[in-house]
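One structure is given here, and the rest of the page talks about it.
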Amino acid sequence: SCEFPVAWTGEWYQYGKLSSITVNATVLGERTCVERSEHSYIVYGDSCYYCIIVNDRHENVIQFREGWCSSEQISLDEMCSNIKSDDTLYSMFRVNSKPIPCPFSGSSFTFTYDKGFGECATPISLGEKCTDESKLLLKYQACPDIERSESNTEELQCLAVWNDGRNKYLVGTLKGRSISSSEKMYRCFLYEEKTHHQGKVAYLLAQSGEPTCNGLTTVSEGSPTIKLTKVDKEHNRCKYPSWITEHHDWRSLDGTKVYHFTNKNATLKVKVQNADEDTFHEEKIVCHNLEKLHPSENTQGYKVKLIAHVTSGCDIGYVCMIFHKRDHHIIELQQSDEKAIMPDEACSLADTSTMAYTTLISSSLRQRKCPNPGRYAVLGFAPFSVSSTPFRRQRRNERRPSRITKRRTWHEDVPQKESYEQQRQHQQQYHHHLHHHQYGGEHYQQQEEQQREDCKRTSVQIGCASWDQSEIVIGKTCDTEETTYYCHGSWEEKDTWYTIVSLKTNEASSNFGQTFCFSMQFGRNAEKTSVTGRTIKTKVSEQGFWLTKLDRVCRRGHIQDERFYTLVSEDTIVRTATMPT
């Protein structure tokens, strides 16, 4: 019996064939195995017997030479004796083959290339290893004085390497606009590693013009030839600040990004959730160079600006990054959207004023004192916050299971935001009710109606429910249901307080619930004087106060918009005086 090696089983591509070639134990395409002796085979097909001598180069590459057609089967030695070493060498590449790491040490390269019209060396072209080490990104630059040179980007994926005597070969696929899809993008390379007198490692490559390995005899002749030189970027001179790397792991508030700093404090690995929410991709961000800040921008040393080299798949380049220390367990990150080819362009071309903020929290959050403690009432309509697993309690701290299965949440959109004038009227009515409640009133029925109206209001208690002032409690004024959030840190920026909170849950766990951001802003003190008969009443309320609905990011911008609620302090002072007669 005659059988082909089991390792050959599968689908293969051969240049010039209209469809893929199927190989199994006895069949190679349209030919059947008849006789075998080591690497020599007699096969039958198209009414002919052939001898093929096979070079098993790699699990993804088969090469063979083929003899003449014989209408009758003769001995294997006689049929194969007429095959010479200079006969055509056919190459087959496995379809859907498993890639291998590219054989070039290093992650960054410069290169020159020659398409037969002279070497294109200025400007220099760049090569970058992708996140997947089987891929190399080649960024060709156009040279003004070299014919057929052009700016182009190609992605090389390495599939096989082998030695043939002193020659080293590489097979891969190329993706780029200069490659015809009809050629399946397979290319063969002859390559040679050399060391410069300066100690730099260079690779000389000759590329095949077709999806074969024919005609590759020297690294100086190819279509094109490439000289790839390893670049030492000296990233080790740049390190992320210690106040960032003292916590090796950070995550965004919504959990879609996870950041991990390596022990050497120079490399950051980011795991980013994809749009389908089920898969992730990884990014590698290496600190390249620290940028100088004006002393007025960084008086406490809690801000750093740097250029970083980013690798995300084969999306590679330099970005501008700004880190802000907000609290021991909270930092914020700004990063430019576009990747620059050259490091000097990363921050010079980026508009830092428009760069979005990403708030990051460490894996070891702690409770912190909430800012601006006090008791407040929300003016206008405000939904009561109860999430899927809130911590609920009665006003007398009696815990009981809730039968409520569905409520609106604090961060849902309100049906319609009241105008400023309506809010002001509500504020006056609310303070008027408080005055009558404290000093007595003549109309008990009106007080009852006012009390029922007040019970519809939402109250916000900041730092009043715990000894360490680390909780925000939101609930209806007269209801037994409340939602509690833990404060984890806050900071002030342009007259706005930003506070990171987490939902307090019933679960007995050391971990905190979902994390959010509150924004708060104060206005000026409000004072109103009224005269009734001979009595002068002056009402001095606390400052006007605006509080955001919960969000998974700390948004910047004008605070008094549809995302914010207006609050009034319940600690209102009423001064009464009598006019002189």
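The values are calculated or read from the model by the stated rules, or taken from the named source; none is laboratory data. Please read these numbers as outputs of a predicted model, since none were measured by experiment. Cβ sites come from the backbone with ideal geometry, for glycine too, and all protein chains shown count toward neighbours.
Quick one: count up the residues across segment 243-274 that are part of a loop (DSSP other than H, G, I, E, B) and not acidic (Asp, Glu).
First, pick out the residues of segment 243-274 that are part of a loop (DSSP other than H, G, I, E, B): 246-248, 253-256, 262-266, 274.
Imposing the further condition that a residue be not acidic (Asp, Glu) reduces the set to 247-248, 253, 255-256, 262-266, 274.
Going through segment 243-274 one residue at a time, the tally reaches 11.
Is there a residue in segment 280-296 that is aromatic (Phe, Trp, Tyr) and without any contact (Cβ under 8 Å) to a residue 40 or more places away in the chain?
Within segment 280-296, the first condition is being aromatic (Phe, Trp, Tyr), and the residues that meet it are 280.
Now drop any that are not without any contact (Cβ under 8 Å) to a residue 40 or more places away in the chain, which leaves 280.
Yes - at least one qualifying residue is present in segment 280-296.
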>> If Glu128 meets every condition in (1) among the acidic types (Asp, Glu); (2) in contact with a strand residue (DSSP E or B) (Cβ under 7 Å, 6 or more places away or on another chain); (3) surrounded by fewer than 16 Cβ atoms within 10 Å (Cβ to Cβ) apart from one, which number is that one?
In response: (3)
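Tell me yes or no: at least one residue of segment 141-157 is small (Gly, Ala, Ser), assigned to a strand (DSSP E or B), more than 27 Å from the chain's Cα centre (by Cα) and closer than 22 Å to Glu221 by Cβ. Explain how you work it out, then say what you get.
Let us first name the residues in segment 141-157 that are small (Gly, Ala, Ser), namely 142, 149, 151.
Now narrow it down to the ones that are assigned to a strand (DSSP E or B): none.
No, there is no match, as no residue in segment 141-157 is small (Gly, Ala, Ser), assigned to a strand (DSSP E or B), more than 27 Å from the chain's Cα centre (by Cα) and closer than 22 Å to Glu221 by Cβ.
Taking segment 201-215 as the search range and keeping residues that are part of a loop (DSSP other than H, G, I, E, B) and in contact with a Ser or Thr (Cβ under 6 Å, 6 or more places away or on another chain), which one is modelled with the lowest pLDDT? If you could, list the steps in order and put the result at the bottom.
At the first step, the residues of segment 201-215 found to be part of a loop (DSSP other than H, G, I, E, B) are 208-215.
This time we only want the ones that are in contact with a Ser or Thr (Cβ under 6 Å, 6 or more places away or on another chain), so: 209, 212-213.
On the way: Gly209: 91, Thr212: 94, Cys213: 94.
Here the residue is Gly209.
Residues to consider are Gln394, Gln334, Gln367; find the one that is more than 28 Å from Glu471 (Cα to Cα) and either at pLDDT 85 or above or not assigned by the TED database to the domain that holds His288 (or both).
Numbers: Gln394 fails: more than 28 Å from Glu471 (Cα to Cα); Gln367 fails: more than 28 Å from Glu471 (Cα to Cα).
None of the other options fit; the residue is Gln334.
Any idea how many residues of segment 482-506 are surrounded by fewer than 17 Cβ atoms within 10 Å (Cβ to Cβ) and more than 22 Å from Cys554 (Cα to Cα)?
Here is the first cut: in segment 482-506, the ones surrounded by fewer than 17 Cβ atoms within 10 Å (Cβ to Cβ) are 492-495, 506.
When the remaining residues are screened for being more than 22 Å from Cys554 (Cα to Cα), the result is 506.
Selection size over segment 482-506: 1.
Would you be able to tell me the number of residues in segment 101-123 that are on the phi < 0 side of the Ramachandran plot and under 29 Å from the mean Cα position of the chain (by Cα)?
9
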>> Testing Asp86 on (1) surrounded by 13 or more Cβ atoms within 10 Å (Cβ to Cβ); (2) within 29 Å of Lys194 (Cα to Cα), one condition comes back false. Which one is that?
In response: (1)
> Any residue in segment 81-89 that is hydroxyl-bearing (Ser, Thr, Tyr), more than 21 Å from Glu210 (Cα to Cα) and touching a residue at least 60 places away in the same chain (Cβ under 8 Å)?
Replying inline: no
> In this structure, does Thr88 turn out to be modelled with pLDDT under 95, hydroxyl-bearing (Ser, Thr, Tyr) and under 27 Å from Ser20 (Cα atoms)?
Replying inline: yes
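Are any of the residues in segment 314-326 β-branched (Val, Ile, Thr), assigned to a strand (DSSP E or B) and within 19 Å of Glu128 (Cα to Cα)?
So in segment 314-326, the residues β-branched (Val, Ile, Thr) come out as 316, 319, 322.
Subset that is assigned to a strand (DSSP E or B): 316, 319, 322.
Add one more test, that the residue is within 19 Å of Glu128 (Cα to Cα), and what stays is 316, 319.
Checking segment 314-326: at least one residue is β-branched (Val, Ile, Thr), assigned to a strand (DSSP E or B) and within 19 Å of Glu128 (Cα to Cα).
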>> Cβ-Cβ under 7 Å, sequence separation 6+ or interchain: first residue in segment 218-232 and within 13 Å of Glu193 (Cβ to Cβ) and modelled with pLDDT of 95 or more, partner among the acidic types (Asp, Glu) and not in a strand (DSSP E or B). Which pairs?
In response: none
> Consider Thr229 against the criteria (1) within 26 Å of Ser134 (Cβ to Cβ); (2) polar (S, T, N, Q); (3) assigned to a loop (DSSP other than H, G, I, E, B): it satisfies all of them except one. Which criterion is unmet?
Replying inline: (3)
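Going by the conditions given, is Thr245 within 20 Å of Arg326 (Cα to Cα), surrounded by fewer than 18 Cβ atoms within 10 Å (Cβ to Cβ), in the same structural domain as Thr358 (by the TED database) and of a type in the set (Val, Ile, Thr)?
Numbers: within 20 Å of Arg326 (Cα to Cα): yes; surrounded by fewer than 18 Cβ atoms within 10 Å (Cβ to Cβ): yes; in the same structural domain as Thr358 (by the TED database): yes; of a type in the set (Val, Ile, Thr): yes.
So Thr245 passes the test.
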>> For segment 275-298, give me each residue that is in contact with a Ser or Thr (Cβ under 9 Å, 6 or more places away or on another chain) and assigned to a loop (DSSP other than H, G, I, E, B).
In response: Glu277
